[in-house]
Ligand code: NA7
């Protein structure tokens, strides 16, 4: 039986980092809001991805909300790169502290969202048989939400245990003494491998494309460090505004060509030692735009792989040759070292793909690799996957999936023409950067555009086709300045969407750097939101209303 819920000013899809931040903003500006979440609790990514070794690649002190200063001063992050239970606990704490659960509904997946131009309402249906209406629909459905599982023939015949990183069970999986086969060596596989290798009888890693894995250099944070961090938040927030990836790091002004080869080597050594994304962001400012610099960074990492991994054949299989950054580089925690263990082996499936799965294991090149447990860390339909998987229809019943068939088309990464009063948080064509910081600015901007519309009595806010076309061209132009744009198109990368068979290869993110994006958001507010149309009447002249 279907239930009709009350009308809301705003419905938010997802209670992860973005949804929680949105609810906070909407309360501030007086919108009656409801957050629907498919999981049984908040967390989003940090709810679903509970696999062994799951942790952030961002440093704890900037993977949080700016808006709750009291919590920043009291929350005890334990590690530099917090593990998923810590992030999950933090998000739960935020939500409980601000009594947000009363505006959230869990275990509820949004199935459809249709815009009705006559009533100027979004009508949303859920898998719980409910219907709700709202004026503003906000997608906070995440960047990496829809898992990708390759259609390996025979998967259903496997007699052992099968786990997917993106829907890891709540119970502890016992790997002790077992033969484990793992497919996928992206950021997720790279985190799982060193942990499972500790206990597995044997771990066989099936790698299609190697990655440039930088050392995470995770460590515990002691009380004194915590005090130092807390005392410096003003400075850190300042740095997140000037760092291209919105990390709290002072601007790196070093250009590769200004240094001698010895100095370049020393700078890379420094980045490698300090670890984390600092190898990428604190060495050379032009690493993603200067081919020479990019190749030098790539060669540096290959050299490290050959130094760390003792078996030369294994080391070569682990060495990438494409542009550094073309695939999102993972952080490893003794990743390469793990391949020196006697209970770990690497199978290269680049030229000889996984043929099939049998009741006993996996077959590659006619050889069966027996396993008790299979783990799949095979990635996500990133950027556009979440919204394309919902029956989301704008004006004239146009499906979002169709609007984005040739790649995402947005204005500022926050709105789409033909989808009035719909805004996205962490949508495609927003910066590829430290997500909580980007979310913070985007949500503030969404709050401001809604406030302007309400103040002026405008019922409808909608991106114009010209605004969208301008942004699409802008995003493509910015990407064309990077070395990744010249990258080998056969290299799969979720940044480009071509990790999903059949998906159009196009850049899914804004590579102009976070500071420029922040400036564009600010200018948008100051200039009265160019590229958006505000209308008082609900129906657009010449358009037919969509009956839902
Ligand atoms: P990724 O980075 O997309 O990695 C997926 C991995 O799965 C990658 O190594 C793929 O190889 C591999 N894969 C996918 N299909 C196959 C088949 N058919 N055979 C063998 N191997 C396959 O996803 P992650 O979850 O690791 O990381 C996503 C993001 O989450 C990450 O960047 C962080 O931002 C957090 P391929 O490279 O395509 O050859």
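Laboratory data are not the source of any read-out in this text; all were calculated from the coordinates shown. Values in this document were obtained by computation on a predicted structure and should not be read as measured data. Here the Cβ positions follow ideal geometry from the backbone for every residue, glycine too, while neighbour counts run over all protein chains shown.
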Extension gain (nm, one decimal) between residue 523 and residue 456, 0.36 nm per residue minus Cα-Cα: 22.2 nm
Label-point gap, in nm, between residue 345 and residue 167 - each point 7 angstrom along Cα→Cβ: 3.1 nm
Whole-Å semi-axes of segment 399-548's equivalent ellipsoid (Cα gyration tensor): 28, 19, 12
In Å, descending, principal axis extents of the Cα set of segment 96-140: 39, 21, 16
Projected area averaged over orientations for segment 259-342, convex hull of C-alpha atoms, nm²: 5.6 nm²
Cα Rg over Rh - segment 313-368, Kirkwood: 1.02
Packing-based ranking, highest mean first, of 367-374, 217-224 given that Cβ atoms within 10 Å are counted: 367-374, 217-224
Geometric extent, Cα atoms of the chain - Rg, Dmax (angstrom): 23.6, 72
By average C-beta atoms within 10 angstrom, highest first, the peptides 143-155, 496-508: 496-508, 143-155
Pair-distance profile P(r), taking every C-alpha pair of segment 1-122, with 10 angstrom steps and integer %: 12, 40, 30, 13, 4, 0
Highest to lowest packing among 301-312, 107-118, scored as the average C-beta count within 10 Å: 107-118, 301-312
Using alpha-carbon coordinates, inclination of helix 84-97 to the longest axis of the chain, degrees: 20 degrees
Cβ-derived FRET efficiency at R0 45 Å, residue 253 paired with residue 127, nearest 0.05: 0.30
Full-stretch length increase - residue 9, residue 118 - with 0.36 nm per residue and alpha-carbon distance subtracted: 37.6 nm
Descending semi-axes in Å of segment 181-279, equivalent ellipsoid built from Cα gyration tensor: 31, 22, 13
Value at 222 nm in deg cm²/dmol, rounded to 500, when DSSP H runs of n ≥ 4 in the chain each add -39,500 (n - 2.57): -9000 deg cm²/dmol
Folded to 0 to 90 degrees: helix 465-480 orientation relative to the chain principal axis, Cα: 20 degrees
FRET E, pair residue 262, residue 477, Förster distance 35 Å, beta-carbon r, rounded to 0.05: 0.45
Inter-label distance, nm, simple model (7 Å from Cα along the C-beta direction), residue 29/residue 299: 5.1 nm
Difference of contour (0.36 nm per residue) and Cα-Cα distance, residue 391 to residue 149: 85.0 nm
Label point distance in nm, residue 367-residue 535, each placed 7 Å from Cα along Cα→Cβ: 6.4 nm
Segment 396-466: translational diffusion in µm²/s, Stokes-Einstein, Kirkwood Rh over Cα pairs, 37 °C, 0.692 mPa s: 252 µm²/s
Taking the chain and dividing mean pair separation by its residue count, relative contact order in percent (alpha carbons under 8 Å, at least six apart): 20 percent
Model label zone, residue 337; criterion: amide N under 17 Å from point 7 Å along Cα-to-beta-carbon; scope segment 58-81: 80-81
Largest to smallest principal axis extent of the C-alpha atoms in segment 285-419, angstrom: 60, 49, 26
Between segment 9-25 and segment 152-174, the Cα center-to-center distance that results, in Å: 31 Å
Nearest 10 degrees, 0 to 90: helix 187-196 Cα axis against the chain principal axis: 50 degrees
